[in-house]
Amino acid sequence: MTLGQGNLLNNRYRVIEILGRGGMGAVFRAWDTNLHRTVAVKVLSMRQAGDVESQRRFQTEARSAARLDHPNIARAHYVGEDRGLQYIVFEFIHGTNLRDLVYDNGPLQVNDVLNVALQIAGALTHSWEREVVHRDIKPSNILIAHDGLAKLVDMGLARLEYLGTAEHDETATGV
């Protein structure tokens, strides 16, 4: 199934537009028709959905995100499957990622850098306290909301520490 504007997932999440694509799939802006709010929906690509390892990593991302409840981490609302598409529904953050912000506007002021760093440090501390290691901290995985709140996103490479060590690493296959 190809997902596009107007499509519904589980008769609830109406796709508005694609926000971006990554190695595991795509993220869409959608409208939650039950709760009347905008959400972000991360969908595992059909190519990846046929791969057991990719499915496992996607489920780990959902479980990792669900363990976290912090103002500087995008909250997971729901995980589901519809017509073969696996997806995770997250809060929608009105803003832009740090990479694009710097690209468009140049380097941040020192005050702004410290503000973002402290917010993300708080998010990482919260994550660590819940035995979740993000493992993919980069500017494109930090969203800056219009009100200046920094939000950590994309737990796709997260590792749940309670699962153990190397034999349970949640990384890309073969890495």
What's the carbon and sulfur percent of the stretch 1-71's accessible surface, probe 1.4 angstrom, rounded to a whole number?
49
Where a ≥ b ≥ c are root eigenvalues of the Cα gyration tensor, a/c under 1.5 meaning rounded, otherwise prolate if a/b exceeds b/c and oblate otherwise, the stretch 29-89 counts as oblate
Tally Lys and Arg at +1 and Asp and Glu at -1 over the other residues with C-beta under 15 Å from the C-beta of R75: what net charge comes out?
+1
Expressed as a whole-number percentage, the relative contact order of the stretch 95-144 with C-alpha contacts under 8 angstrom and at least six residues apart is 73
Expressed per residue, the solvent accessible area of the stretch 1-156 in Å² (1.4 Å probe) is about 53
I'd like the chymotrypsin sites (Phe, Trp or Tyr not before Pro) in the stretch 1-34 restricted to DSSP loop residues with at most 12 other Cβ atoms within 10 Å, sorted by number.
none
Normalised by the residues of the stretch 53-165, what does the relative contact order come to in percent, with Cα pairs under 8 Å and at least six apart?
34
Give me the number: length gained by fully extending D147 to T38, i.e. 0.36 nm times residue separation minus the C-alpha to C-alpha distance, one decimal in nm.
37.5 nm
Segment R83-N111, length gained on full extension (0.36 nm per residue, minus Cα span)
5.3 nm
Which loop trypsin sites (Lys or Arg not before Pro) in the stretch 82-131, with loop taken from DSSP, have no more than 10 other Cβ atoms within 10 angstrom of their Cβ?
R83
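The values are calculated or read from the model by the stated rules, or taken from the named source; none is laboratory data. Treat the numbers as computed from the prediction; the structure is a model and nothing was measured. No Cβ is skipped: glycine too gets one built from the backbone with ideal geometry, and neighbour counts run over all protein chains shown. Note: accessible area is taken over every heavy atom of the protein model, side chains too, but ligands, DNA and RNA are not part of it. Shrake-Rupley method; radii C 1.70, N 1.55, O 1.52, S 1.80 Å.
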